[in-house]
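Asker: Below is the structure I would like to discuss, written out as structure tokens.
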Amino acid sequence: MVDNKFKNDISTTTESTEVANLYDTVKHNSLRIVDEFTKAQPQFTQSVSNLQLECIAAAKNTFQNVVSAQKMLASNGNSPIVTPSYTEEFVKQSNEITENIVRAVHINNQLTVNAIHVAGENFRTLNRAIESGTEFSNNAAKGWNTFLAVQQQYLHEQ
């Protein structure tokens with residue numbers, strides 16, 4: 001009976017070590033993958049930022065070239081493109097529209113920054129909730145393991 005109990009203890013210890021090794025491997029590999037994403041993130045962010053700046057430069061260049069071409073065409077006195085009676089009203093409305101768009105862009109930017117900040121807060125809250133859930137699960141598992149150990153000890157004594 002003693003030899004059999006000793007073999008069972010060794011088998012249980014070996015299985016526990018293998019299971020612990022499995023979870024340690026999963027944890028290590030998962031963290032390694034996240035670390036690789038983390039290393040690439042600054043380069044990705046810089047590439048997106050560069051693309052945005054190139055897009056902005058292209059838009060500015062397009063506006064400058066189109067307006068220059070129209071201005072040159074309009075300077076030809078043979079065929080007026082814009083009638084002088086409408087220019088003052090057009091300039092006034094164009095300035096108003098531009099101011100409205102600038103204000104809208106400013107508001108949109110502020111809302112976006114606030115939304116990103118809130119998303120970050122939500123991730124921090126999620127992280128705290130996961131830590132609390134993990135602590136609860138660990139405590140429950142410890143309690144369950146203690147209960148099972150006591151039950152096994154009781155059964156072996158019988």
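Asker: Got a sec? Which of 88, 99 is among the charged types (D, E, K, R), more than 38 Å from the chain's Cα centre (by Cα), part of a helix (DSSP H, G or I) and not assigned by TED's automatic domain parsing to the domain that holds residue 23?
Answerer: Answer to the selection: 88.
Asker: Something else about it: Answer yes or no as to whether residue 97 is among the aliphatic types (A, V, I, L, M) and at pLDDT below 85.
Answerer: Criteria not met by residue 97.
Asker: Hey, residue 143 hits all of (1) outside any helix (DSSP H, G or I); (2) closer than 29 Å to residue 23 by Cα but one; which does it fall short on?
Answerer: Status for residue 143: all satisfied but (1).
Asker: Looking at (1) more than 30 Å from residue 16 (Cα to Cα); (2) in a helix (DSSP H, G or I), which is the one condition that is false for residue 76?
Answerer: In the conditions (1) more than 30 Å from residue 16 (Cα to Cα); (2) in a helix (DSSP H, G or I), residue 76 misses (2) alone.
Asker: As an exercise: evaluate residue 113 against (1) more than 28 Å from the chain's Cα centre (by Cα); (2) of a type outside the set (S, T, N, Q); (3) at pLDDT 95 or above and give the number of the one condition it does not meet.
Answerer: (1)
Listed here are the residues, each with its yes/no results for (1) surrounded by 10 or more Cβ atoms within 10 Å (Cβ to Cβ); (2) at pLDDT 90 or above; (3) touching a helix residue (DSSP H, G or I) at 6+ places or on another chain (Cβ under 6 Å).
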site: 56; (1), (2), (3): yes, yes, no
site: 59; (1), (2), (3): yes, yes, no
site: 65; (1), (2), (3): yes, yes, no
site: 70; (1), (2), (3): yes, no, no
site: 77; (1), (2), (3): no, no, no
site: 80; (1), (2), (3): no, no, no
site: 84; (1), (2), (3): no, no, no
site: 88; (1), (2), (3): no, no, no
site: 92; (1), (2), (3): yes, yes, no
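The values are calculated or read from the model by the stated rules, or taken from the named source; none is laboratory data. What you are looking at is a predicted structure, and each value in this text was computed from that prediction instead of being measured. No Cβ is skipped: glycine too gets one built from the backbone with ideal geometry, and neighbour counts run over all protein chains shown.
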